[in-house]
1. Sequence-distant or interchain residues sharing an amide H contact under 5 Å with Gln293, placed H: which?
2. Please arrange Phe320, Phe180 by counting, for each residue, the other beta carbons lying within 10 Å of its beta carbon, fewest first.
3. By count of other Cβ within 10 Å, fewest leading, how are Arg294, Arg51 ordered?
4. Roughly how many Å is it from the Cα centre of segment 184-233 to that of segment 145-178, as a whole number?
5. Once the Cα atoms of helix 81-93 and of the chain are each reduced to a long axis, what angle between those two axes, in degrees from 0 to 90 to the nearest 10, is obtained?
6. Helix-only mean residue ellipticity at 222 nm, the chain, DSSP H runs n ≥ 4 weighted -39,500 (n - 2.57), per residue, nearest 500. What is it?
7. With a 10 Å Cβ neighbour count serving as the proxy for reagent exposure, in which order, fewest first, do Val194, Val214, Val234, Val330 appear?
8. Could you derive backbone 3J(HN,Hα) for segment 176-189 from the dihedral phi with the Karplus parameters 6.51, -1.76 and 1.60 (θ = phi - 60°), listing whole Hz in sequence and x where the residue is Gly or Pro?
Amino acid sequence: MSHPLLASALLACSLAAAVLAPAECSAQSPADTLPPDAYVQDFDALWQEVRDGYAYLDGSRTDWDRVRALYRPRAAQARGRREFLGVLEEVVRELYDPHAHVGANTAASPRMVPSGTDVWAEWRQSRAVITDVRAGSRAERAGVRAGQEVTSIGGRPVDEAAAEYLPRTLSAPDPAANDFALRAALAGRHDAPVRLELADENGVPATAEFQPGVYDRPEAPLTAERLDGGIGYVRIHNSLGDTRLVAAWDSALAALRDTRGLVLDLRDTPGGGNTTVARGILGRLIAEERPYQRHELAAEERRHGIRRIWVEHAAPRGPFTYTRPVVVLVGRWTASMGEGLAIGLDGMRRAQIVGTPMARLQGALYDVVLPRTRFTVRIPAERLYHVDGTPREAWSPGIRPDPPRHPGDDPALAAALEILRAR
C-alpha cells in the first residue's frame, strides 16, 4: 500500500481483522504532555490517512474538509495526551461508522458498539424503538425488551442524549447517522451505568439501569453439547481472535462427528477476530478449497484509478471433514469476523443462516499508528463482500424467525433444530 502509516500496520493487522473488544490501552503515559505541534502532526496524519484510505468515505455524508477545519484547532489546543484522545474520539465519530475506533480509552470514553452495548435500537419516525436486547445481558435482566420505546437516557430526553453523538460535519442529514448516534447513546460511557426510561406498546412506563457489556460466559472459547434428536450444538464465546479456538473447535467436532446435523451459534461474537481462526473453522466443514469472501482495497483505486480486488479462499484441513448439514445462528452481536464466517458459509453453500441482520460492520480494519502519541486508530480500509458481490454490511440471513416474546425464548435455535430434524 502506498500510504506509509497503513502500510506499516499491515504487518500487524490481518486483512480481515476487526478489533472490537474494549480498547487495549489507556491514555495514561509517563510522558503525558507533548509539544502542541505533536498533536497537530498526529491529527494531520490521521486526517490524511482517512482521506486516502478509508474505504467508505465516498458513500458518507461527512464533509472531511470541514472535519479538518473544525478539529485541527482543537488538536493544537490539546493539553496532554488524554485531552487529545478526546479530540480523536470526536474526529472518528464524524465518520458515524461503529467499526472505526481509537485503540485506547479513558473512563469517560464512549463504549463501543456492538461489543459494549446490550441494546439495539433504531429511529422509527420520531420514536427510538428497541429492536433487540442481548440475550443474557444486564439489560435483559433489568427488564429491557424489544418493542419498547426509549424516552430518556440518563435523565435526558432521548433525542437530546443522542444528539451528543451526532456528527457535526454532515453535508446533508443521514438516517444512518441518526441511528449511529442513538446506539452510541444507549451504549454510554465507561464510567457510568446506563439509565433508561421506557414505554411499551401500550404506553406503560418503565425504568431500567444496567452496566452494558458485562456478559457472563465460560472461560473456554466455545461450548459444545449434544441436543435431543442427535443434533450437535456449538456456541462460540467471542473468541474469534483467539487461536485456542481452533483446537477447541477440532475437539468439539471430534465429539460430535456422528451427529445428524450441527448448529453453529455465532450470536456472541461482537469482538471481531482474524482470518486465521476463521479459516481454521471453515476448513473443517469443506472437502475442497472454496472462496468465502471478496475484498477490495479502496486506497489504490482512489490514488491510481486502478481497482484492486481479490477473493480469499478456505482450504480443507484436519483428520476428517464434517459433512452433515449445518445451520448458523446470527444476530446483532455477530460482528466483523463473525459476519465473515456467516457470509462465507452461505457463499460456499455449506450452511443455512438463521437470525436477524448482523451488526453490519463495514469493511476490514487497518491500523493507523500516529507518529507522535503512538495512539492507534483503526479504520475500515478494505470493502468486504459476499462471494456473490453483496456488500457484507448489506447482507441478511435467509431465515428470520420472530423475535422472542419472553426472556429465555430462543425462536432462532428452535428454527435451526426444525431445519435439521427435517433432514
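1. Close amide H contacts, sequence-distant or interchain: Glu312.
2. Fewest-to-most Cβ neighbours within 10 Å comes out as Phe320, Phe180.
3. In increasing order of surrounding Cβ atoms, one gets Arg51, Arg294.
4. 20
5. Long axis of 81-93 versus the principal axis of the chain: about 60 degrees.
6. For the chain, the value works out to -8500 deg cm²/dmol.
7. Taking fewest neighbouring Cβ atoms as first place, the list is Val214, Val234, Val194, Val330.
8. Going residue by residue, I get 5, 5, 5, 5, 4, 5, 4, 5, 5, 5, 6, 6, x, 10 Hz, with x marking Gly and Pro.
Here, each number is a calculation from the coordinates, and none is a lab measurement. The structure presented is a predicted model; accordingly, all values stated were derived computationally and were not measured. Cβ sites come from the backbone with ideal geometry, for glycine too, and all protein chains shown count toward neighbours.
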